[in-house]
1. I want the local charge near F409. Using Cβ-Cβ distances under 15 Å, sum +1 for each Lys or Arg and -1 for each Asp or Glu among the other residues.
2. Based on other C-beta atoms within 10 Å, arrange M251, M67, M368, M398 from fewest to most.
3. Pop a pseudo-label 7 angstrom from the Cα along the beta-carbon direction at both V381 and I311 and give the gap in nm to one decimal.
4. How far apart, in nanometres, would the label points at K131 and V59 be if each is projected 7 angstrom from Cα along the Cα-to-Cβ direction?
5. Using 0.36 nm per residue, how much length does the chain from I86 to Y167 gain when fully extended, once their Cα-Cα distance is taken away?
6. Using the structure shown, select from K228/K418; K105/K418; K114/K258; K114/K228; K139/K168 the pairs with a Cα to Cα distance greater than 27 angstrom.
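Every read-out reported here was derived from the displayed coordinates using simple, explicitly stated rules and does not represent laboratory data. Note that the structure is predicted; figures quoted are calculated from it, not measured. Here the Cβ positions follow ideal geometry from the backbone for every residue, glycine too, while neighbour counts run over all protein chains shown.
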Amino acid sequence: MSLTKATKSFQPVPAGEIKTPIHEKIFIWILVGGAAFSHAQFIIQGVSLADLFFACSLVICFLSLSMNGSLHYIPRCSIYIILLLIWALIGGLLADSASFFAFSKTEFVRSFVKLSFYGIGAVLLSSYIWKIEIDVIGKTVLNILTFNALIAIYIYIAMSFPIGLPYKFFWFRQGGPLTAGYFGGFESGLVRARGIFSEPSSLGIFQTLGLTFLYFKSHAIANKLNWKYAAIIISILLTFSLSAYFLFGVMLIFFILKLRHFKQLFSYTLIIVLTLLFLATIMYNSFQETIVTRLISVFQGKDNSATVRLIATWEASIATINISPIFGSGLGNLESTIPAIGSGLKYKSILTENSQGWNILAYVLGTMGIVGLFIFGLFIVNLIGRTPAAGTVFLCSMFATGRFLDPIFWIFYILFSKEYICYKYS
């Protein structure tokens, strides 16, 4: 059986001609589906379930590449990943020797190992995914998103109505409360969907990034409207997450701009509007309590979560590079700068060890300095240049979550970088 390249343009291969090996579908399930456990409690210090799934996908990738004798494709982002790793190592050594801040070698090594794991893994996985027909990936991603949505909706119903449905067995050490969450300074009894994720915003962001891949990369799959898309959108809306709603709104704007025909716009808009009306009717009070109240708090400067993500981490990072502009605090050591710069920080009281990385760009600037942010910027610009809409949504996601050393960030970068290439097996 030989593999020949059919086209780089959108010309779907007729049904029945694509015979995708089962191990490729399993590979996508392990890689993308396993990312749902990125925010689970660590199996051991610094290693989550998602890391294990990521490692398993790398084993499949490595075995396949070994049998073929060479890489199928060297991704364009490889040079930026290599430069980022080199600078992270050099910057960490310089930060240690400069002694501007208290420097933890343990935290630096742990973070550098994770960055190397994800970065090098991204190069290998991009090479492997390159040869998989993109709509095969799309079908699998759609099924993964649907699975997440159905689980989230089921748990939401089980938690909302006293009908005795079991649901706690769906949690795999994710941590966090099984109830709604924390709003406006008090514990709320409101139920929010989070599925098998550790928190509602994680589910919403993951589902939105997945939809972005389907709408802007896997064209044939996105053109087949069915109940699965409605379930996915409902799962996003039921998170009542401001971050998820923001990202979904950005994606929706690009999606509407992409549509060329009124009939197509109407058909897509209809399913979204009907879904929104349904939820608005039965969930008005929940929406009012979460989204509206939080938006008011954000504009009044009373929402600590948004303040940390959008302002406080930038303030800490800028204060850090004012002292160490070239190499920052060193990878994994942003928290150690607070004692040195804390007296001059307006938002010192709301900065904690767990909130430092909530804005990825600010985290990169603070830990790797101006040089590191420049290299990272090239890494992101490379993606936006190749796929403007999806790349911009991905960029916006970095303001909604700060987990840079996390499988979700790297997996969706790989998916968004995938070129549309059809193959025929003969």
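1. Its environment carries a net charge of 0.
2. Values: M251 23, M67 7, M368 29, M398 19.
Neighbour counts put them in this order, fewest first: M67, M398, M251, M368.
3. 3.0
4. Between K131 and V59, the label points sit 2.1 nm apart.
5. Length gained, I86 through Y167: 24.6 nm.
6. Details: K228/K418 23 Å; K105/K418 36 Å; K114/K258 37 Å; K114/K228 34 Å; K139/K168 29 Å.
In this structure, K105/K418; K114/K258; K114/K228; K139/K168 exceed 27 Å between Cα atoms.
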